[in-house]
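Structure record follows, encoded as structure tokens.
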Amino acid sequence: MEQTTSINLPTKPVFLQNKMVPLLIIVSSLFLSLLLYFALKPKSQKHKLPPSPTKLPIIGNLHQLGSFPHRSLRALSMKYGSVMFLYIGSSPILVVSSEEAAQDIMKTHDLVFSDRPSSIISDELFYRGKDVAFAPYGEYWRQVRKISVLHLLSTKRVESFRAVREKEVARMLEKISQASGPINLSKLIISTTNNTMSRIALGKYYEGKLSGGIDFHQLLAEFLILLGTIHIGDIFPSLAWIGRLTGLDARLKKNFQQWDDFLEQVIQDHNEKRNNTSEHGPQDLVDILLEVQRDGSIGIPLHKDHIKAVILDNFAAGTDTTYTTIVWALAELIRHPTAMKKAQEEIRRIIHGNSIVSEDDIGKMSYLKCVIKEALRLHPPLPLLVQRKSRQDIEVKGFHIPAKTQVMVNAWAIARDPKSWTDPESFLPERFINSEVDFRGQYMKLIPFGAGRRGCPGIPFAIATVELVLANLLHGFDWELPGEALDMSEVFGITVHKKSPLVLVPRPHYTK
């Protein structure tokens, strides 16, 4: 009989006899499920960030800023666009260089971009953000700004200090009249603006030595230099200790302590004066702030540190920017004799032979106002406005801007943009004749004082001094160069100064 071979079939399929196989099937099924899920899931749009120049490791684009960042940034914006990212270290900074983009930042999305980035230097000098300019956005900032707008910088308050301004201008003219040769106008103008601000803010002059042998003008000069200095700890937080090695931290602490001691004495003197007399003369800014503190009507406690910070704010804004604007305006007029002659003829015609221009006269001087606008266009005191910070994610000109991005508005580049201005590099006051364009924050093509919530509230205060000083300098004297060519080069800081002093020869015009 034929023998048959029996085959023993397995009781389980072969693929189930291996204990690892079920696990492989499960993993494969999960993988295929996930693959199918992501294949069918709608594609999320990747955020489109602003373009950026090629950056180096660690330092980012820091090496591309140069000695004049406002000029370097304009050159970069011409290549990469008016909305671009610049990486300082590893952190992106949004750089805005056009009228349209500025409109988005400071008007359309003003609230989103109303915060301030922290800064080691401003925190140290302004009592940890208790001033107006550098305070973070919030209830405190809203209240302290309201104090400044309503009580310190209103049109009525500016008018109340008219006699102080006119007296200081008269003193300036007397010094010029006594000069027998060339005069350093830069030095004289800054002295005039400092003295005017001292009397308005503190109630009296603070010239020469203070208690402890501190020179007041040197104290203020050091304060302004420090404000324009970059602390490496703001760029690379882990390297903040270098500020101690370079001596910058020590300079900050010293300047702050000197100001604090000085302002403490000023407040004490004001309180004693109020308590010891029933007669009160014209109020200065310290008087006003102490009165606001006493009546407690603003809804937040106002302590001495708040008062000191606000006073320092006014000194920084009310002296350096004012002086800088006057010097640049006069320097441009020296370079453009036709504009100089036109401004002088207008002023001398309006005041009818009087020896001094009063603030009543200035309202009629339309060409003078055009000169000042043009000087502010070509030489904005703060070419890079105080930085802002975004409070949330936002889209600007089709680009995604993440929350907490720092924003730098290049007011200098915007004011020289050929898309917004005809012949933008030329000094032409006539461009403002019959023009509605102004510098008070409504026209984004001219924003030397910023715009929106974070725009400078002290514009009327500053312009009143600029107009009065410049009108009297142009009325009282004909000006000549002492021989050498006029140097128009700049020095960059928080404000951009003329590098060399403005030295001119005065030729008296009026007769007393």
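Using a 10 Å cut-off on Cβ atoms, rank the peptides 451-462, 387-398 from the highest mean neighbour count down. Mind dumping the intermediate values first?
On the way: 451-462: 20.5, 387-398: 16.9.
Ranking the peptides 451-462, 387-398 by packing returns 451-462, 387-398.
What angle do you read, to the nearest 10 degrees and between 0 and 90, between the alpha-carbon axis of helix 185-202 and the longest principal axis of the chain?
For 185-202 against the chain, the angle is about 80 degrees.
Considering amide H positions built from the backbone, and no H for Pro or chain starts, which residues 5 or more places from E490, or on another chain, come under 5 Å of its amide H?
Placed amide hydrogens put K499 under 5 Å from E490.
Rounded to whole Å and sorted largest first, what semi-axes of the equivalent ellipsoid does the C-alpha gyration tensor of the chain yield via the square root of 5 times each eigenvalue? Mind showing how you got there, number by number?
On the way: eigenvalues 709, 162, 87 Å².
Equivalent ellipsoid semi-axes, largest first: 60, 28, 21 Å.
How much of the pair distance distribution for region 389-512 lies past 20 Å, counting alpha-carbon pairs only, in percent?
Details: 4982 of 7626 pairs.
Taking all Cα-Cα pairs of region 389-512, the fraction more than 20 Å apart is 65 percent.
Given the pairs K107/K304; K254/K498; K130/K273; K107/K187, which are separated by over 31 angstrom at their Cα positions?
Values: K107/K304 34 Å; K254/K498 27 Å; K130/K273 26 Å; K107/K187 38 Å.
Distance filter (> 31 Å) returns K107/K304; K107/K187.
A485 versus L150, label points 7 Å from Cα toward the beta carbon: distance in nm?
5.5
Given the rule -39500 (n - 2.57) for each run of at least 4 DSSP H residues, summed and divided by the residues of the chain, what is its mean residue ellipticity at 222 nm, to the nearest 500 deg cm²/dmol? Present the calculation step by step, with values, prior to reporting the outcome.
Details: 21 runs with 238 residues, N = 512.
Theoretical 222 nm ellipticity from helices: -14000 deg cm²/dmol.
Under a point spin-label approximation (7 Å from Cα along Cα-to-Cβ), what is the F236-D360 distance to one decimal in nm?
Roughly 6.3 nm, to one decimal.
Would you mind working out the accessible area per residue for region 342-479, using a 1.4 Å probe, and quoting it in Å²?
Values: 5050 Å² over 138 residues.
Here the residues of region 342-479 average 37 Å² of exposed surface.
Over region 108-239, what number does the Rg to Rh ratio reach, with both radii from the alpha-carbon atoms and Rh per Kirkwood? All intermediate terms of the calculation are to be shown ahead of the outcome.
Details: Rg = 18.9 Å, Rh = 18.1 Å.
A ratio of 1.05.
Using +1 on the beta carbon of Lys and Arg, -1 on that of Asp and Glu, and nothing else charged, what's the dipole of region 276-361 about the Cα centre, debye to 20?
For this selection, approximately 440 debye.
Return, for the Cα atoms of region 81-153, the radius of gyration and Dmax in Å, separated by a comma.
For region 81-153, the Cα-based Rg and Dmax read 14.7, 42 Å.
In the chain, what percent of the accessible surface is made up of carbon and sulfur (1.4 Å probe, ligands and nucleic acids excluded)?
56
Express the accessible area of region 216-284 per residue in Å², computed with a 1.4 Å probe while the remaining protein chains stay in the model. Don't skip to the answer; put the middle values down first.
Details: 4100 Å² over 69 residues.
Per-residue value: 59 Å².
Can you give the log10 of the normalised intensity I(q)/I(0) at q = 0.12, 0.19 Å⁻¹, computed with Debye over equal Cα scatterers of region 176-266?
With no solvent term, the Cα-only Debye profile gives -0.53, -0.96.
From largest to smallest, what semi-axes in whole angstrom does region 134-211 give when each is the square root of 5 times an eigenvalue of its alpha carbon gyration tensor?
Numbers: eigenvalues 208, 45, 28 Å².
The equivalent ellipsoid of region 134-211 has semi-axes of 32, 15, 12 Å.
Using heavy-atom solvent-accessible surface (probe 1.4 Å) with all chains present, what is the largest-first order of R507, R244?
Ranking R507, R244 by accessible area, largest first, yields R244, R507.
What is the log10 of I(q)/I(0) for region 410-463, computed with the Debye formula using one identical point scatterer on each Cα and no solvent, at q = 0.14, 0.16, 0.20, 0.27 Å⁻¹?
Debye curve over Cα of region 410-463, log10 I(q)/I(0) at q = 0.14, 0.16, 0.20, 0.27 Å⁻¹: -0.39, -0.51, -0.77, -1.18.
Evaluate region 291-419: find the radius of gyration of its Cα atoms, find its Kirkwood radius, and give the ratio Rg to Rh. Write out the running numbers ahead of the final one.
Values: Rg = 21.2 Å, Rh = 19.0 Å.
Taking Rg over the Kirkwood Rh, I get 1.12.
Rounded to the nearest 10 Å², what accessible area does M78 have for a 1.4 Å probe in the complete protein model?
140
The values are calculated or read from the model by the stated rules, or taken from the named source; none is laboratory data. Since the model is a prediction, treat every value here as computed from it, not as a measurement. Here Cβ is always computed from backbone atoms with ideal geometry, including for glycine, and neighbour counts include all displayed protein chains. All accessible areas refer to the heavy atoms of the entire protein, side chains included, with ligands and DNA or RNA removed. Shrake-Rupley method; radii C 1.70, N 1.55, O 1.52, S 1.80 Å.
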